[in-house]
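Input: a single structure, listed below in structure tokens.
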Amino acid sequence: MVERGFAVRIGVILAVITVFSCSLAGYGITDSATYVGSEACEECHEVEYNNYKKFSKKAHSSKSVKIMASDLDADELKECFTCHATGYGKPGGFVSFEQTPHLADAGCEVCHGPGSLHAEDGDPELIKRKMTIEECEVCHNAERVNNFNYKPLIFGGAH
């Protein structure tokens, strides 16, 4: 009887751990990839990287934030970083211009996700290759178009 009760408790504990682990997976907590910055993409994706640097406003997005920073309070500045920096508010993402300058602009990993595993291995399955319109609309949405009077180039990626 004692063994059966113990086995049931172990089964319940394992079920709870499994459910908890699956619920965290959606938040990327179980993913070990970290942000490495767009420069890490250049070695294998030279054409795309050069097009991004030359044609994409995202490649210089931190300049806008720096220009406006003195007129913004801390909460407003954080909201800017959400779209104008790479991985802001996420584990290993942009923290500040001083601590994480390589993530200060909206780089490749804003759309493609943290790239450390892909950069190390080269496996295309280790990076997000196809984005959804909903993912783009996190930053490119009607509210921001109205507030900042810009055209949302959600299909105008640099590559």
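Any read-out appearing in this document is the output of simple, stated calculations on the displayed coordinates, not a laboratory observation. All values reported here derive from a predicted model rather than from experimental measurement. Here Cβ is always computed from backbone atoms with ideal geometry, including for glycine, and neighbour counts include all displayed protein chains.
Please give the contour-minus-distance gain from GLU42 to ASN147: 0.36 nm per residue of separation, less the Cα-Cα distance, rounded to one decimal in nm. Kindly include the intermediate steps, with their values, before the conclusion.
Details: separation 105, 0.36 × 105 = 37.80 nm, distance 3.35 nm.
Full-extension gain reported as 34.5 nm.
Between GLU98 and GLU120, what is 0.36 nm times their sequence separation minus the Cα-Cα distance? Round to one decimal in nm.
Numbers: separation 22, 0.36 × 22 = 7.92 nm, distance 2.54 nm.
Additional length available on full extension: 5.4 nm.
7 Å from Cα along Cα→Cβ at both SER64 and VAL138: what's the point-to-point distance in nm?
1.7 nm
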